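The values are calculated or read from the model by the stated rules, or taken from the named source; none is laboratory data. Bear in mind the structure is a predicted one, so any value in this text is a computation, not a measurement. Heads up, the Cβs are rebuilt from the backbone with ideal geometry, glycines too, and the neighbour counts pull from every protein chain shown. Heads up: the accessible areas ignore ligands, DNA and RNA and are worked out on the full protein's heavy atoms, side chains in. Shrake-Rupley method; radii C 1.70, N 1.55, O 1.52, S 1.80 Å.
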Amino acid sequence: MTKAQKKHLCQILISAAIFTTALFIPAASAWRLPLFVAAYLISGLPILRKSFRNLLNGRIFDENLLMTIATLAAFAIKEYPEAVAVMLFFQIGEFFQNYAVNRSRGSIAKLMDLKPDSANLLCDGNIIAVSPEKVAPGEIILVRPGEKIPLDGQIIKGCSALDTSALTGESLPRDVVPGNEVLSGCINLNGVLQIKVTKEFSRSTVSRILELVETAGTRKAAVENFITRFARWYTPAVVIMALLLAILPPLLLDGAFHTWIYRAVTFLVISCPCALVISIPLSFFGGIGAASRQGILVKGSCYLELLSQIKCLVMDKTGTLTKGSFAVSRIIPSGISEQELLQTVAYAEAYSGHPVAQAVKNAWPQKIDRRRISALKELPGLGVSATIDGRSILAGNLRLMKQNGVMPPSVPVEGTAVHLSINGTYAGCIIVADTPKENAAEALRQIKKQGIEKLIMLTGDRTEIAQNVAAELNIDEVRAELLPQDKVGALEQILQNCAGKTAFVGDGINDAPVLARADLGIAMGKMGSDAAIEAADIVIMNDDLSKISAAVKIARKTIDIARQNIVFAIGVKLLVLLLGGLGFVSIWAAVFADVGVSVIAILNALRA
């Protein structure tokens, strides 16, 4: 509990103690009224001040004014216990509200703590503590165990494990070695690291996260905007109705002013829109906080609302559904063993820097003895030729084989085939492919369970490869061999045909136009590219596709809670307003209709 919360609770307890004492004092006692006034001022003075300040600033109609008018009118007709009770219970409701907001803000506050106070800059062998904003790209910083990494960069010296939970929501540390890229905001756990800064602080990951968090509250959902407009018209309307209720019936029906003023006061207390004004934004704030704890940054509550309405999910393939890097997926020998086939191709590709060659070399577990290789020659667009252990070797594509009179059998088309011939005889092939992520199939199944009706994949890859990936992951529709500029046109066709809202998920710089064009753009892949994050509405800060399902679940739960609060608050208020206007309920029932409903709605909002 914060210091301000403790002070607030202390005021409530003192006011309640004085109020209780006054209730048990005989009505004829001279101390009774002063005690009621003291209890009223202790609990109500903050509300009176707010009401007065709002009047000076032109904000006339709000819950503070309603409380002030209602309680002063109650004092005027000598209903002292009711007047104090309204202020006291209103403050109890405020206490619960502040507690709820602080609890929901907690997860977002952790993000705000990502920003380090300083960076250890290495300069001529000395370590100088400077502000992260003053470190330029290319400079070297030192990060000790237990310290936050202040800027994005590349490790040039040292090994360690990083706690990335604040960024990605992942609990397991990530091991890093020289050459690895690291993101600001991670905590260095056990080794001293020297990092070459690659981005200035204003463009670093932690800075971008803070910017997203700070602006999230400015983008309101349609439900929140409705409540704002509702309160703007509702509050003055009920004040006018209360005045009419206090004046017209006694004049027209020849009734007692005291009775109708009491009913008008009850009407005012009931009419306070606190439950709506407080609980609806709190529901969305809680939803955004819950998402951030799982490494999902939502740029505003309007996007959370959009996410709950998604019916069609369009996804990029490379880096989103697949790992984004080549790996050996199949070894198909012909006349030799799998091990010999893999070893021979790895040796043939020993000097090549091509991604396909690199994948083959990574698959061979032993060190390559280059002394066994001679007469190696790169054949652009075809492959390589070499002499290995005195044997004539060709390794490359189908065209290379045919040019040299070697006729391979048909092979699977789920990736790139590297064929091998030894002394002019076909020896098999190795299939290298960008394979789906380990959890992709299960993640997409969970997404379908959330009510997403259609999964569509867009890719620039070959149709055969795209269809194989789609079949493996159970994707409904594939559009392949698309250039980056073609993806926007393909998405526009999908938008026209989809009955509900459409979201696009991507991670590359060429995805930025599509992310911006979709109803909802989701960027993923360890913060993805700068352009993709800028264009996206939601950022998933790691490669886990299952976060999409979690985000949809959070969004739909948040919307459900907001709607429950609207129906409950308006329903109870309309009922008690009607009964209060007819004189069937007292101010005590009005207090429940205001503060009680607010507390229930706030507690319900906390479920988000």
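The table for this structure:
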read-out	value
³J(HN,Hα), Karplus 6.51/-1.76/1.60, whole Hz, each residue of the range 363-380, x for Gly, Pro	6, 7, x, 9, 6, 7, 8, 6, 5, 7, 9, 8, 6, 6, 9, 6, 10, x
Of K7/K148; K317/K487; K196/K361; K454/K547; K317/K547; K317/K448, pairs whose Cα-Cα distance is over 22 Å	K7/K148; K196/K361
Proximal lysines relative to K6, as straight alpha-carbon distance under 30 Å, when same-chain residues fewer than 8 apart are discounted	K50, K110, K115
Label-point separation in nm, A490 to D560, each point 7 Å along Cα→Cβ	3.4 nm
The range 426-459: GluC sites (Glu not before Pro) falling in loop per DSSP and having at most 13 other Cβ within 10 Å	E438, E453
Sites D124 and R144 - FRET efficiency at Förster radius 25 Å, r taken between beta-carbons, to 0.05	0.80
By accessible area with a 1.4 Å probe, ligands and nucleic acids excluded, highest first: order of L582, L248	L582, L248
Under 12 Å, Cβ to Cβ, from S549 - net charge with Lys/Arg +1 and Asp/Glu -1	+4
Of the trypsin sites (Lys or Arg not before Pro) in the range 360-422, those whose Cβ has at most 14 other Cβ within 10 Å and which sit in DSSP loop	K367
Ranked by how many other beta carbons lie within 10 Å on average, peptides 37-46, 427-436, 81-90 from highest	81-90, 427-436, 37-46
Solvent-accessible ranking of S549, S202, largest area first, probe 1.4 Å	S202, S549
Under 5 Å, built H, 5+ apart or other chain: amide partners of S160	V176
Cα-projected label distance for R49 with N362, points at 7 Å along beta-carbon direction, nm	6.2 nm
At most 10 other Cβ within 10 Å, DSSP loop - GluC sites (Glu not before Pro), the range 320-383	none
In Hz, Karplus ³J(HN,Hα) per residue of the range 298-313 (6.51, -1.76, 1.60; θ = phi - 60°; x = Gly, Pro)	9, 6, x, 5, 5, 6, 5, 5, 4, 4, 5, 9, 5, 10, 10, 10
Residue-count net charge about A27 - beta-carbon cut-off 14 Å; Lys, Arg +1, Asp, Glu -1	+1
Per-residue ³J(HN,Hα) for the range 314-326, Karplus 6.51 cos²θ - 1.76 cosθ + 1.60, θ = phi - 60°, Hz, x for Gly and Pro	9, 10, 6, 8, 5, x, 9, 8, 10, 6, x, 9, 6
Cβ-derived FRET efficiency at R0 35 Å, I156 paired with A516, nearest 0.05	0.45
Exposure ranking of L575, L515, L398, L9 by accessible area [1.4 Å probe, largest first]	L575, L398, L9, L515
FRET E, pair D369, T425, Förster distance 25 Å, beta-carbon r, rounded to 0.05	0.60
Gain in span if fully extended, E200 to K377, counting 0.36 nm per residue against the direct Cα distance	59.4 nm
